[in-house]
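Below is one structure, written out as structure tokens, with a few remarks after it.
The values are calculated or read from the model by the stated rules, or taken from the named source; none is laboratory data. None of the values given here were measured: they were computed from a predicted structure. Here the Cβ is made from the backbone with ideal geometry for all residues, glycine too, and neighbour counts use every protein chain on show. What goes into the accessible areas is simple: the full protein's heavy atoms, side chains included, and nothing from ligands, DNA or RNA. Shrake-Rupley method; radii C 1.70, N 1.55, O 1.52, S 1.80 Å.
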Amino acid sequence: MNLPRIDIDSAKIAHNVQQLTTLYGTKGIKIIGVTKVIGGDPVIAGMMVKNGIKTLADSRLENIQRMRKAGIRAQFMLLKSPALSQAEEVITHTHISLNSELIVLKELSKCALKNHSIHKVILMVELGDLREGIMPSEMENMVRDVISLKGIVLIGIGTNLACLGGIAPDSDNMAELSSIAGHLENKFNISLDIVSGGSSANYRWFRSSKDVDRINSLRLGESIFLGRETLCREPIPGLFTDIFTLVAEVIEAKQKPSQPYGKVYQNMNGKILHFKDHGLMNRAILGIGLQDVVVSGIVPKQNVTILGASSDHIVVDNNKANLEVGDTVTFDLNYNALLRGLNSPYITKNHVNYQECKEVL
Ligand SMILES: *Cc1c(COP(=O)(O)O)cnc(C)c1O
């Protein structure tokens, strides 16, 4: 098997999907499976659908097309606000999109009419994190305009927190979202089927709330794939946190000094670094680098520590592990490392325990 590679345990993904579906289901919340970290990998997407997920959401149209071409049967949602220039493709390739700009919604409406289709839209409400969203005071005007547009149908509202600003979903902002939903329904005599309260960051709020009021949908990525909530990155009880394993190969192993020698200038990353002198040490080079993963987001499972990385190499302290050329080193990955790794053409994706989901495709 080509190296570097990422091993992906499909059976563990199935388990996490089932557990999260049951957990959130206890208070009436349906989960939408977010596939951006897996680049729309059809094997994994198929596994998610087989285990009860009805809607798959991705930030990239390319990933959605990949899943649709592979025959994955689900409702497809575009997570990232559509660009004005993308409207036609959004209509062609997705069923639902999350929106915050009237000019884009008008374009979606025009394209849907041309395409003789109906596109579902969710309006995103700004609740403090300051990425996408309509200010609450503007919601009424926006809804008035949107419900007059043909070809698109308003199916709900949503919000996105814990992203840019790291603002926690809590009882205040979730109550505000519920109350906005109720207000809009009364005012315009409409019904909003989806009130999408957020992401993997909503776990703590969910656990501490007796009543989740109108919130009936969450868009989950990281808790499915890494088994964690995302406010403190704590594991969610009962979930697997080790679904993905990065494997890299040792391409050089030698005893060398611990301190570079010669005149010190900028290194390849533009930094002037100073290394302490610990005398001679065992160093190993792994055939993987910054092009492949976010090096700060990987943690070795063996007893080695990362000394530095360049575009194609990671150098590790090999004093304790005594790795030899041809040996492999395995790593856990955080979400960012996974995002880059799974979307890198240089890394082989290796599905393990995948028997059960073959029949899906
Ligand atoms: C990525 C994304 C999510 C999923 O976030 P996780 O922390 O992985 O659960 C939800 N909503 C939007 C808009 C996103 O872009």
Checklist entry - In the stretch 212-240, what residues are away from the ligand (no atom under 14 Å from the Cβ) and without any contact (Cβ under 8 Å) to a residue 24 or more places away in the chain? => result Pro235, Pro237
Checklist entry - of a type outside the set (Lys, Arg), open to solvent by less than 80 Å² (accessible area, probe 1.4 Å) and within 16 Å of the ligand (Cβ to nearest atom): does that describe Ile243? => result yes
Next on the checklist: Taking the condition of being within 16 Å of the ligand (Cβ to nearest atom) and either open to solvent by 20 Å² or more (accessible area, probe 1.4 Å) or touching a Gly at 6+ places or on another chain (Cβ under 8 Å) (or both), how many residues in the stretch 121-154 meet it?
Outcome noted: 12
Next on the checklist: Can you go through Val294, Val316 and tell me which one is touching a strand residue (DSSP E or B) at 6+ places or on another chain (Cβ under 6 Å) and either loosely packed, with under 13 Cβ neighbours inside 10 Å or in contact (Cβ under 8 Å) with a residue 24 or more places away in the chain (or both)?
Outcome noted: Val316
Checklist entry - How many residues are more than 20 Å from Leu123 (Cα to Cα), open to solvent by 10 Å² or more (accessible area, probe 1.4 Å) and assigned to a helix (DSSP H, G or I) if we restrict to the stretch 174-225? => result 6
Checklist entry - Pairs under 8 Å by beta carbon, first residue small (Gly, Ala, Ser) and in a loop (DSSP other than H, G, I, E, B) in the stretch 55-73, partner within 12 Å of the ligand (Cβ to nearest atom) and open to solvent by 10 Å² or more (accessible area, probe 1.4 Å), six or more apart or different chains? => result Ser59/Lys36; Ser59/Leu79; Ser59/Lys80
Next on the checklist: For the stretch 319-336: of the residues being of a type in the set (Val, Ile, Thr) and open to solvent by less than 40 Å² (accessible area, probe 1.4 Å), which is nearest to Ile243 (Cα to Cα)?
Outcome noted: Thr330
